Every structure is written in C-alpha cells, then in structure tokens.
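Inspection log for the structure reproduced underneath, given as structure tokens.
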Amino acid sequence: MSGLPARGALLARAPWRGLTLLLVVCLLLVPAAAGRLAPTASAAEHQDGLELDLTGVSPAFLRPGEPLTVAGTLTNHATSPVADATVTLRLQRNAPRTRSAIDLWLDLDVRFATLQLARLNLERSLAPGESTAFRLTVPPEDFPIAAVPSAFGSRGIAVDAAGAGESGPLEATARTLLVWYPGSNAQPTTVSLLVPLVPTASDLIGAALGATTVAETSAERLIGLAGATAVAPAVTWALDPLVLAGLDPVDAESAQPVATGQEPGESPGVTTSPGAPTEGPSPAPAPAATPNATSEPAATPQDLGAVLRSLAQGREVIALPYADADAAATTHAGLTGLYDRALAIGQDITRTGGIVTTSDTVWPAATTPDAATMTVLARRGASSAILPEDSLPLRSTPTYTPTGRATLEMPGGGPQGASVTMAALLTESVLSAALAGTAPAPGRDAQSDDARALDARQYVLAVTAMICRERPSDGRHVLAVLPRDFVGDPGALAERIGSLDEAPWVELAPVSTLADAPDPGLARTGLPGEHVEEQEAPPEVLEQIATTSADLAQFAEIADDPALLVRAEQLQLQQATSAAWRSDTTGRVSFLNAATADAEAVQLGVGVLSSGTVNLISDTGDLPVTVRNSLDQPITAQLRLTPDGPSLQLPDVVTVEVPGGSEVPFPVRVHAVGSADVQVLAELTDAIGNPVGTSATLVVRVRADWENVGTAILAAIVGLAFIVGLVRSIRRSSRRGDSVPNPEDATT
C-alpha cells in the first residue's frame, strides 16, 4: 500500500497517464500466487528467435475422465543453436465470462494468470532453422477444474517455450481455447449452418475461357465443400442450379440418371450452339475428389452430380436463382425480369437434377439489403430471407446473444397496397467468421487475418459454449453462414462442423427451423428504402444484358427450335447477372463483352451473300440471290429486296428455307423499266419483318430496251442480207442467160 500516494501524485501530474495505469491495473492485476504470467511472442521473436505453432488439441472439448493432449512444433529461427528448451502447458485461471474476454485471451500482448498443467524439457539443442514436434499430455486426475455443471465453459490454454540462445534467453508462446464440459443444466443452443454451393467469379470466367461448363471448373471445390457437410445432415445447402446444368438428367423419384442416350443438347441448360461454351459434361483437370487420396482420378462434373445427389438425401437445400442472380442489382435497375428469368431457368434445371429443393427462403447477396429488394422477393413467393445481423440493428444492445430471428414488414408491397411480411433470419457474424476459419479476435496474428484450422475449431466451440452460458435457462437459436466464395480447406471445415455436431451444448438444425421459430420481439431498426452498393452491377450493364438477350431471342424465331438454337448464349448472358461479380467488377464487364460477342456471332451465322454486277437487258428476268446459313438448324426467313430507283420492280418479299450449314441460291423474278444501274438491298427478316442476319447490296445493270433494239438491228441485218442475196441471185441468173447460144442461130 505504500506505493499508493506516489501513484496518486502521478495521477495529479499526468491525468492521461494515470488513467492508462488504472486501466492496466484493473485488467491485469492478479495475485502473485496465481502463477507466473504467460510470456508474449511478437512477430520479431518469430522471425529472429523461437516460433511456437500449435497443431492439435485432443479432444476438441474436454469431459471428466479424459486426458488432454496438446501437440505442436517449435522452430528455431535464430542464427545460433537454442539449448535447454522447455515447453510448458498452462490453463487460464479464471474462465472468461463474455465474448470480449475470449477475444482478449487470444491477444498475445495481454497477460493473464494461469495454472501450469504440464512441462516438457527438450532432450537436445535446436539447430538454426530446425523444427521439432512436441506433445504435452495432462492426465484426467491432474486437470485442476472441478467436475461440476457450474464449471462448464471455455477457458484459455497457452503453450510457452523458452530456451537459451547465443544472444540470451529466447521465448515464444501460442494460445488457443478449450471447452470444459462436466455436464450442464443449461438449455442447448440451437445452431443452423448454411453452406453455399455457388460458383465463384473465377469459375465463371474459367468456363467461358475454356469453352466448358461451370460444373467442370467448380467440381473440385464444390465436391470438397459438400463433402465437408457429410458429417452433419442438419447442415443446410444454398445451391446454385448452374452447377447442375449440363449433368445427366435424373428421374426425380429414383434419383438415378436417365439412360436415354440423348445428346448433351437435349437436357436443360445444355446446348451445342457454336460460338459459346456448351453445358455438356466433359472431364475436368481437377485434383482428386477425396482430399486425402493420393492417386484418385480427377474430379468431373458427373462426380459432382453424384456427390450432390447422394449428400442431398434428407437434407434441406435452398434453391438460389440460376447463376445466383443479383436481386438487388436487378431491382435497382428496374429490370426484375432478369431475376424472374433466372428463377425460371433454375427451376427447370433442378426439376430434372434429382435434388429436392425449397424456394421459400432467399439469400440476397447485398451487404445492406433494402426494402425495395425484399418487396420484390416477397412478391415472388419468398417467406423468409437470410440477412446480415447488422442489417436490422437492435435499438438497444442486450447483454446476451439473442435468437437470430426478426420480422420484416414492407408496407404497400402486397396486392392492392397491402403490407408484406417476411421472416428475417439474421446471421451471427462472429460465429460465421469462425466457421469460415477467419479469426475474429483482435491482434490474433500480426501477419495474417486467417486463423489456423485448430484455432477456428476451438473458437467455434468456445463461442457456442459462451452463448449457452449467457442465459442458461433460455435456449436460443443462431445462424452461421459461409461466404459464397469460400475456398478454405474442406477438411478443416468438416472438423469444425463435426465438432459442433458432437458438442452436447449444441443442437444443429436446418435453416427452416429458425424461420419457423417465433420472433423474440426485440426492437430493431428497419431496412433502408433503397440502398445501391458500389459492387453491384450498374443499370447500363443489366440493360446491355436484357437488350442482347431480347435481340437473340428475336433472331432465333427463324429456326426450327428457337430455344435450343440460342440456349448456350442466353445462359451465358444470364451468368453476367451473378452476384459473384461483386468481388470482380472488372471481370463482370469482360465476361459480358465476351458473352455479347458470342451472341452477335450466332446472329451473323445467316445472311445474304454479295455477288458481282448482274446485267439485265430485258424487261423481265431472274435475279440470283444466295442465302447463307452456317447454323446447325434449318431456318425459314423472308427475303426482302429493295431497289434504290424505279428502274427495277421486285416482289415485296420471298420466303426462303435454308438447311443448316449450307448456301442456297434463290432466283427472284424481276421486271425492268428503262435503263439504269440499280443498287438492290437484300436482307432477311423474320415473320413480322424484323431484320435478321447480315444483308448485302447487289448491283444490277438494267438495260430493258436493249432487247428490242437488238432485235430490230438483227432483223434489219437479216433483211438486208436477204435483199443483197436476192439481188445477187438475179444478177447471176442474168449473166447465165446471156452466155447460152440461140438454137435458131445454130441452125442457120
């Protein structure tokens, strides 16, 4: 106590410094008998001295009668050997009572009172750059926490390493969490997990560049992601039907592929139209589907289909619109028809995909959803929506984690201006981050925001245990979701999910269970009326998609099967509406430009061929016009010929039928009036007169009077020749008469 006056004097001289000291005292002052404080390890110590890395905590949560084993590696980054190294396992003396206290334990710069559980002396020195594995085991009888229900909860564990280097003592530390479960009287916490099976922007680009399917470019990642959920059938999927496009159709009742021998273009979302990626199955250059296998064949789209169909049995699957179309962007641009088309395409694909889905729940991709978007979704039949928890902020902050359930009300969103309500399913952001393997604690790692798999697993368990302990008699329901573009280790994800499934204080349940739960009635702030985010597609991009798609559909009407002719191009355009492009806005523009070029290439597949100058020297004749069709379907179109002057009269329209992959000449009867050089615009149109394909300008030299003049001249020439011949004949006859002797003269 003798130091108190000096401390008071210090406060008087420097108030800000005194306040800092008081805060440090309040947080860190502990009895000396509680045990020595855990050492800290900075980034510099890791680089120049010892580095300690935890690799395992077994079991994931500890029950009475079970030994605790902690494994890790110790690495010497110093330039000289480290001798007399020791590794010590310690347990946080006082259990954290709040989530912030859990996060504080993971901050290596904060010291806590700990209890020593085990100690290991390394038998030899560590050479520079050398690593050694260690394992510390605590027998059940040596675990110092009482086996009573009131002791249930999370505690921090730390492993400290110390050794003698050439320049002096070296230290390092690592911390993680452990849940002690001696039984509990608390109500279990219900947890819903949502795992998205959605292509990323790179998957979409890879399929377009490789002229292959999205199922192929995403097969390896999605197989691993779906496989990670196999340990818990209660995990809900959010499935983009795009990943099923191009797979063999399946009998919905038997869930077996349909053995029809059909071509790839006969199933939904499949086409073989030129100039665009096909949605047909083909091998993918992906690693093995089984993460631990060493010689498995590469994953293929059909492998993906088999895995999804198998693991979807008995599982709740939320169907997203095709290509996970961005509902917010289409709403803000006033082009909700693009979203409606995505819904229709998705329903068509999932209908034959062999997977039972539900469309009652929607999951908009917006960071800040708005009432305008939610109204559109409600009008399309959605009864619940998955939203970020901060989209509906609480008016007052509770001291516990509430159930992630609220109610949305959109006035005037229903028929005749009636209000529309939806169940809001609010994600738990910290738990979601931990599920994805991202460390939520401050100062967790000075070099990376990603938590190691072990840290994430232990954090998930610790947070759920803390939620359970916050209000033991009030069981609550929380929702954790993976990000759409999750690319983490599926094996580590499976561990996290499996640990939650095994935790006795957790009950896993499908997302629909939360939708059916009652609203706890907490006062929340409503959604903004309209909120446009920078990452969403701007209106001009969506207008380009809509216009190009409409032009393509109009053009296809000249074919025998319009939908099949342009299916690949239409699907590719629709993929440009994907919410995945929020993470790659530049890629969105490039992808759309490529999709537009493919659509234009198809429309350029038919047209009129140019020819040389045609001479017409009579008042009636045939004008040869050649029509080209490079598509794989026959077309029926109208050929329109429009002269630039009155010297040539043509029919208004000529119906032409051209087989696929051919050029056919069509003679068109024309009438000439006078003489002139006429340019004729030859173009194809559909049945209602809309131009299609390419046109050509034909040059016709009209000389309608040449035929009559030529005939007269020829007649004159023939007449003159006749007269000349007649005269010559007469003259020859006269000469013959003069040369014949007179008989009378002869007698004489």
*Dipole magnitude of segment 31-185, debye to nearest 20 (Cβ charges: Lys/Arg +1, Asp/Glu -1, about Cα centre)*: 720
*Hey, can you grab everything whose amide H is under 5 Å from the amide H of Thr358? Only 5+ residues off in sequence or another chain; H modelled, so Pro and N-termini drop out.*
Val317, Ile318, Ala319
*Would you work out which of Pro562, Leu542, Pro520 lies farthest towards the positive end of the dipole of segment 513-573? Charges go on Cβ: Lys and Arg +1, Asp and Glu -1.*
Pro520
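Tell me, what is the percent relative contact order of segment 100-212, built from C-alpha pairs under 8 Å that lie six or more residues apart? Each step should come with its number before you reach the end.
Values: 79 pairs, mean separation 24.8, N = 113.
Dividing the mean separation by the residue count of segment 100-212 yields 22 percent.
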_Please list 3J(HN,Hα) in residue order for segment 339-351, calculated via the Karplus relation 6.51 cos²θ - 1.76 cosθ + 1.60 where θ = phi - 60°; whole Hz, with x for glycine and proline._
5, 4, 5, 4, 4, 5, 5, x, 5, 5, 6, 5, 4
*For segment 53-155, just list the percent of Cα-Cα distances falling in each 5 Å bin from zero outward, please.*
2, 10, 18, 21, 19, 14, 8, 5, 2, 0
*Taking Cα pairs under 8 Å and at least six residues apart, what relative contact order does segment 539-601 come out at, in percent?*
39
_Protection proxy ranking, peptides 455-464, 157-166, average beta carbon neighbours within 10 Å, highest first_ = 455-464, 157-166
*Can you give the percent of C-alpha pairs in segment 539-601 whose distance is more than 20 Å?*
24
*Going by the alpha-carbon gyration tensor, a ≥ b ≥ c the square roots of its eigenvalues, is segment 606-704 rounded (a/c under 1.5) or, if a/c is not under 1.5, prolate (a/b greater than b/c) versus oblate?*
prolate
*asked:* Using the Karplus curve 6.51 cos²θ - 1.76 cosθ + 1.60 with θ = phi - 60°, what ³J(HN,Hα) values do you get for each residue of segment 99-105, in whole Hz, with x for Gly and Pro?
replied: 5, 4, 5, 4, 4, 5, 4
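None of the figures in this text is laboratory data; all of them are computed from the coordinates on show. What you see is a predicted model, and the numbers here were worked out from it, not measured in a lab. Neighbour counts are summed over all protein chains in view; Cβ atoms, including those assigned to glycine, are modelled from backbone coordinates with ideal geometry.
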